[in-house]
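Working notes, structure below.
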Amino acid sequence: MNKIAEQTINPTTRLAYEKLYGRTLSNQDAFEANHNLIGFFNVLLRIDKRLNNSDSHRLESRKKGRYHQANSDKNRGSNKNE
């Protein structure tokens, strides 16, 4: 028996996978299903972090841009009154 098949999966988790797949799973199948799901969510988490990181940089740039735009508008407005 290989090391993957020797790994035990929580019975509730195994039951959930068996319902999902519609059949009884071997230890190896249950382990692989669990490993694949964890890997999938790991990829989603990395994508989300990357997107949120770039979004936060864009948001900061926009905030700075609005600040500078507002100040230049004020300066233009004060020149009109002179």
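Every read-out reported here was derived from the displayed coordinates using simple, explicitly stated rules and does not represent laboratory data. Quick caveat, the model's predicted, so the values are computed rather than measured.
Side notes on the structure shown:
- Subtracting the Cα-Cα distance of T13 and K49 from their residue separation scaled by 0.36 nm leaves 10.3 nm.
- Gained length - N42 relative to R58, 0.36 nm times residue gap less alpha-carbon distance: 3.3 nm
- Whole-Hz couplings from phi, Karplus 6.51/-1.76/1.60, listed for region 21-26; x for Gly and Pro: 7, x, 7, 6, 9, 6
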